[in-house]
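First comes the structure, then the notes that go with it.
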Amino acid sequence: MSDKHFQRAYSSHMAGDRETAKRLYEKVLMKQPKHVDARYMLGTLLAESGEIELALTHLKAAAIRMPNSPMIHTNLGNAYLKLDKLDQAGECYKKALKLDPLVPETLFNLGMIFHRQGSLDEATSYIERSIEVNPAFHEAYMMLSKIYREQGQPELSAACFIKVLAIKPDKIEALFELGNLYAASQDHTNAVFYFKRVLEIDPGNESARHAVAALSGQTTETAPRTHVENLFDDLSGDFDHHLEQLGYRTPEILKEMVISLAGESASFDYAIDMGCGTGLSGIQFKKMAKCFTGIDLSQKMIELARAKNIYDELFRGDVCQYLDSSQHQYDLFIAADVFIYIGELAEIFSKVRAHAKPGSLFVFSTEVETEQGYILRPSGRYAHSRNYIEALADNNSYTIVSSQTTILRKEAQQRIIGELFVLKLEHDI
């Protein structure tokens, strides 16, 4: 690193002036094409700037000239990882570890690759080794806790989060996940403790506030919008497969209920899927709808639904706000597993009624509550009584023309009982 141009380039790079650093690295290489350090650092800079393919060209050239550099192999692996080329990235990390087996970040990255490839035992081994090398590696503890949870070992997962908090006491993600783990094991006291700790650090955390209410026996009117958005953004990647494993058939059963009333040739001019998610209800009702609209709070869910080409139009947002601005009158409203995140349903029933054609159908599901009204359960979801639904239907000129009790899904080996409804607007007023 004696070359003054390289030193200037490197100093600019470390100071965050990538444009100057890139120009100086290139100047060095024009004069000295075999300058390995300049080649390697330019490749690293390009990878940092998102120019991955060009970065690979320089990093591979540097690796050929200096095959015994673990750092070059590691950064080459990082570039491959950014392109989602897991096999190539893994090979680079393995070469780096043969040269220097005690780099915790490289061990961790290789563990991450095995995790993404579904090899949980190998992932665990490498991430545990990264912690042995660096006991304060809190990111590794976070990842290890995720793997333990996937392996069905919640106690080990919780222990990892506690390790994280010993290193970073205010790590909100660790506090929140500990709350979730204790809630799942029905230890509501400890769960509330950790969610309240989140609120001490971040008083505006709506998900923690909702969890405290649910676990403390409070019933709020609705789940916070940000909580629902974040929940479904997080669930989006594996949502359909997850529900399939839980035996979820609500959209299919709702369609069968509509067909039993309106016949196989049932057709609707304007249908709206309120809380459309990835489009599971849309798939069932698509052939019935001449014009089909999907609404959801989660941007990631909307993107997945769009890729399926189910709806004529898709909007991200709140259903009531959308209906306020809509010029359409609809003859089919669908809300599968939507009301479990809304306690007080009076507003949405009113908005639906205001945009409903005479004879329109309103189909939806609820979790069953045996008492009056509605309740927020420890799960963070709402359950509604049949009397409550009947009163809302009557107040909005709807008649319950079909209903049935069913198992909505399985959760922690428990069957979640729900009720499916088909309401009809019998007359206009």
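Every number in this text was worked out from the coordinates using simple rules, so none of it is lab data. Worth saying up front: this structure is predicted, and the values here are computed from it rather than measured. Backbone-built Cβ (ideal geometry, glycine too); neighbour counts: all protein chains shown.
Given the options E344, E48, E139, which has the most mean-square fluctuation in a GNM of the chain, springs set between C-alpha atoms less than 10 angstrom apart? Taking springs between Cα atoms under 10 Å, the residue moving most is E48.
Counting neighbouring beta carbons within 10 Å and listing from fewest to most, the residues S185, S157 come out as S185, S157. Taken as Cα centroids, the range 141-218 and the range 323-386 sit 31 Å apart, rounded to the nearest whole angstrom.
What is the range 2-57 by shape, rounded, prolate or oblate, if you read a ≥ b ≥ c off the alpha carbon gyration tensor as root eigenvalues and call it rounded for a/c under 1.5, prolate for a/b larger than b/c, and oblate otherwise? It comes out oblate by the Cα gyration axes. The ranking of C160, C320 by Cβ neighbour count inside 10 Å, starting from the fewest, reads C320, C160. Charges were assigned to the Cβ only: +1 to each Lys and Arg, -1 to each Asp and Glu. The resulting dipole of the chain about its Cα centre is roughly 1820 debye. In the chain, the C-alpha radius of gyration followed by the widest Cα-Cα span (Dmax) gives 27.5, 88 angstrom.
Springs between Cα atoms under 10 Å define the GNM used for the chain, and in it the highest mean-square fluctuation of G111, G263, G43 occurs at G263. Projected over every direction and averaged, the convex hull enclosing the alpha-carbon atoms of the range 28-118 yields 5.5 nm².
Under a model in which nothing but the beta-carbon of Lys, Arg (+1) and Asp, Glu (-1) is charged, the range 235-425 shows a dipole of about 260 debye around its Cα centre. When only alpha carbons of the range 76-172 are considered, Rg and Dmax amount to 13.4, 37 Å. Sorting Y388, Y141, Y322 from the fewest to the most surrounding beta carbons within 10 angstrom yields Y322, Y388, Y141. Helix content alone sets the calculated 222 nm mean residue ellipticity of the chain: runs of n ≥ 4 DSSP H residues at -39500 (n - 2.57) each, divided across all residues, give -17500 deg cm²/dmol.
With viscosity 1.567 mPa s and temperature 4 °C, the Kirkwood radius over alpha carbon pairs of the range 4-215 converts through Stokes-Einstein to a diffusion coefficient of 67 µm²/s. Given a 10 angstrom Cα cut-off, can you work out which residue in D170, D331, D87 is the most mobile in a GNM of the chain? Greatest mean-square fluctuation among the candidates belongs to D87. Convex hull volume of the Cα atoms of the range 222-381, normalised per residue: 124 Å³.
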